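Working notes, structure below.
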Amino acid sequence: MGEGSEVKRRFGLRFFPLLDTLRNYSVEKAIGDARAALNVALLDFPQSMAYALIAGLPVQIGIFGSALSTITGPIMASSRFIMLGPSNATAVMLLSAFLTLNYSPEQAVLALPLLLLLVGVFMILGAFLRVASMVQYVSRTVITGYITAAAFLIIVNQLKTVLGLHVARAGTFAESLYNLVRGLPEIHWEAFLVGALTVSIFIPLKRFAKGLPTVAVTLVLVSGLTAWLRHLGVEVEMLKPISASNWPLSIPHFNWNDFYGLSNAALAVAFLSLLESSSISKTLAAKAGDQVDLNQQMLSMGMANFACAFGSGMAVSGSLTRSVLNFDSRARTPISSVMSGVLLILGLFLLGRFVGYVPKPALASVVIMVGISLINMKNITMMVRTTKSDAAVFFVTLIGGMLLPLDTAIYLGATASIVLFMRKAARPDLKEIAFDDKGGLVEASQQTERPEIAIVHVEGDLFFASSDLFLEQMRHLVGHPNQRAIILRMRNAHHLDATVAITLKELIAFAKTKHCAILVSGAHTEVERIFQQSGLMEVLGEEQFFRFDANNINMSTRNALKRAQSLTGVESADITIFASDKKD
């Protein structure tokens, strides 16, 4: 107990925070967690096989990794919604790393435990050094560029399985595409037929049967059709059955000749996992009004990768699709993750042998559809159109990911992001101004009670590096039960970008759940351009947006106050506009 308190005091980390959940656990919470766990497990079983296929590993490694991480991860976790396990991002990073090192599939399986051990070491060390705060200097544009490049690599690598081709493996998209095109004359049309059937089933199910586990249902239906086609002479490669009773332990074997290459790959996986999980956990925490400690989450991922290193798993991170499903299924506590892992293990014992009936082209086709879904045109459009800096970082990461190994691409994107940050680095200076008892405006520090309407000056550079601080400060203000309207005075806010646009969108959505209106005043041309190009204006509403008037510098704020009064029903006597020589 004393040691745990000392660790918390010195490093800000907690050992076994899940114990706090268990002390206050109830039957009602268990029912909610069980419902969410079942929904996630139905998605997780086939999805984990797909991620293993993406990484070029046996499909059972994906399931082993997902089961281990969902059970061990919550023990140290900060977020109650994050589901750890294999993800597209980490799977394709493993693929790129092993291909760059020129490993055969058999060599990759042997090297994987050491790589995972190194990932765990990097993440746990990073948690104790509290490096998670560094992710605020890497914009979401880097993640978007990386995910887009990864999607193309996923698609081209799985196309060879769908087409029944046996072509040389390559570590980059450009080289993989070249090898695929060269092999096209040798298409195996029976494999292509099964792949086409899979897509023709998957797309309608995805569109019209959203309540069903689409991937699982698709694979079951295609497996049945393939069994019928086999009687007609159609033969395709099948997956190997999985036996849970033969779940092996794995011991990391040190190979000093490849240690540098594996260390570099492990560092890239750890860095990418931190970026990915940070983005997911902050988004879900903002929706739920929770707090999340990224260093604690990093410790959780490190321990989960340790478990996978010795349990024949693969690299794990926060999974976007499963975490969102867990959130949407109204999980109450991190116990939902543990329940999901237990269900996965039960599924292995009950369904493992039936995996042998799944055609490889069918699973590869599903993976391609998942890869296509990763190309988020709305986000890409926002990144490219919002600022030149966002566009530059996106294209540096994307083109780097197309031509170079993905670990190099993620470093290129992060470096570009940090360099651009250094050019315009600043922290936003937020000063809250609110009504006093006489209806005038004073700084919040001069009053004791929170009013219903407040004004917040946003000063300085407001971009991706300061968006987390801005969101954190604003969420405290929005979350107060008396707060009904907040006016953001943005006359002196500069360098807004796509990350800030997303942050403001999340803030507005959170404020709506608290029945608090968000208004903007003093908006100059740069602010208005960002709001228009990012689509944020539609989210906020033109009636809540008040432009700066150089002829009357107080007019926009006065009009915003009148609008706030009409929204809240607060009728103040005299309104005094707070101003200084630095503000509008």
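Using the Kirkwood radius built from alpha carbon pairs, what does the Stokes-Einstein equation give as D for the range 491-570 at 37 °C and 0.692 mPa s, in µm² per second?
This corresponds to a translational diffusion coefficient of 250 µm²/s.
Using all Cα-Cα distances in the chain, what percent lands in each 10 angstrom bin from 0 up to the longest?
3, 16, 25, 24, 17, 9, 4, 1, 0
Using the eigenvalues of the Cα gyration tensor, what equivalent ellipsoid semi-axes result for the range 139-295 when each is taken as the square root of five times the eigenvalue, whole Å, largest first? Intermediate results must be reported in sequence, preceding the final value.
Working: eigenvalues 224, 126, 76 Å².
After scaling each eigenvalue by five and taking roots: 33, 25, 20 Å.
Between Gly347, Pro405, Val384, whose Cα lies farthest towards the positive end of the dipole of the range 321-409 when Lys and Arg beta carbons carry +1 and Asp and Glu beta carbons carry -1, centred on the Cα centre?
Projecting each Cα onto the dipole axis, the largest value belongs to Gly347.
Quick query: amide H of Arg489 versus all other amide H atoms, modeled in the peptide plane; which residues come in under 5 Å with a sequence gap of 5 or more or a different chain?
Amide H neighbours of Arg489, under 5 Å, 5+ apart: Val456, His457, Val458, Ser521.
Counting Lys +1, Arg +1, Asp -1, Glu -1, what net charge surrounds Glu506 among other residues with beta carbon under 12 Å of its beta carbon?
Charge balance near Glu506 sits at +4.
Search the structure for amide H atoms under 5 Å from the amide H of Met238, placed 1.01 Å from N in the peptide plane, and list their residues when 5 or more places away or on another chain.
Lys360
Obtain the radius of gyration and the Kirkwood radius of the range 1-127 from its C-alpha atoms and give Rg over Rh.
Here the Rg-to-Rh quotient is 1.04.
Taking a point 7 angstrom from the Cα of Lys514 along the C-beta vector, which residues in the range 282-318 have backbone N less than 18 Å away?
282-293
Report the longest stretch of the chain that contains none of the chymotrypsin sites (Phe, Trp or Tyr not before Pro) sitting in a DSSP loop with at most 10 other Cβ atoms within 10 Å.
257-584
Only bridges whose two residues both fall in the chain count here: according to DSSP, what percent of them are antiparallel, nearest 5?
45 percent
Give me the Kirkwood hydrodynamic radius of the range 262-404 in Å, from all C-alpha pairs, to one decimal place?
Details: mean 1/r = 0.0547 Å⁻¹.
Hydrodynamic radius (Kirkwood, Cα pairs) of the range 262-404 is 18.3 Å.
Please turn the phi angles of the range 506-516 into ³J(HN,Hα) values with the Karplus equation 6.51 cos²θ - 1.76 cosθ + 1.60 (θ = phi - 60°), one per residue in order, whole Hz, x for glycine and proline.
5, 5, 4, 5, 5, 4, 4, 5, 9, 6, 10
Within the range 13-50, list the residues whose amide N lies under 17 Å from a label point set 7 Å along Cα→Cβ of Arg330.
Hits in the range 13-50 for Arg330 at 17 Å: 26-40.
With Kirkwood's inverse mean 1/r over C-alpha pairs for Rh, give me the Rg to Rh ratio of the range 128-213, two decimals please.
1.16
Quick one: in the range 107-153, what % of C-alpha pairs are over 12 Å apart?
Here the tail beyond 12 Å accounts for 73 percent of pairs.
For every other residue with a beta carbon closer than 12 angstrom to the beta carbon of Arg385, add +1 if it is Lys or Arg and -1 if Asp or Glu, then tell me the sum.
Counting the neighbours of Arg385, the net charge comes to +1.
Where does helix 140-162 land angle-wise versus the long Cα axis of the chain, in degrees 0 to 90, nearest 10?
20 degrees
Along the range 224-231, what does the Karplus equation 6.51 cos²θ - 1.76 cosθ + 1.60 (θ = phi - 60°) give for ³J(HN,Hα), rounded to whole Hz, x for Gly and Pro?
Computed from phi, the couplings for the range 224-231 are x, 5, 5, 4, 5, 5, 4, 5 Hz.
Rounding to the nearest 20 debye, state how big the charge dipole of the range 201-333 is about its Cα centre with +1 on each Lys and Arg Cβ and -1 on each Asp and Glu Cβ.
The calculated dipole for the range 201-333 is roughly 560 debye.
Using the Karplus curve 6.51 cos²θ - 1.76 cosθ + 1.60 with θ = phi - 60°, what ³J(HN,Hα) values do you get for each residue of the range 398-414, in whole Hz, with x for Gly and Pro?
5, 5, x, x, 7, 9, 10, x, 5, 5, 5, 5, 5, 5, 4, x, 5
Could you work out the local net charge near Thr90, counting Lys and Arg as +1, Asp and Glu as -1, over the other residues with Cβ closer than 12 Å to its Cβ? Before the final figure, lay out the partial values.
Details: positive: none; negative: Glu276, Asp407.
Every neighbour counted, the sum reads -2.
Taken together, the values in this text are just the output of simple stated rules run on the coordinates, not laboratory data. All of these numbers come straight from a predicted model, not from anything done at the bench. For neighbour counting, all protein chains shown are included, and Cβ atoms are generated from backbone atoms with ideal geometry for every residue, glycine included.
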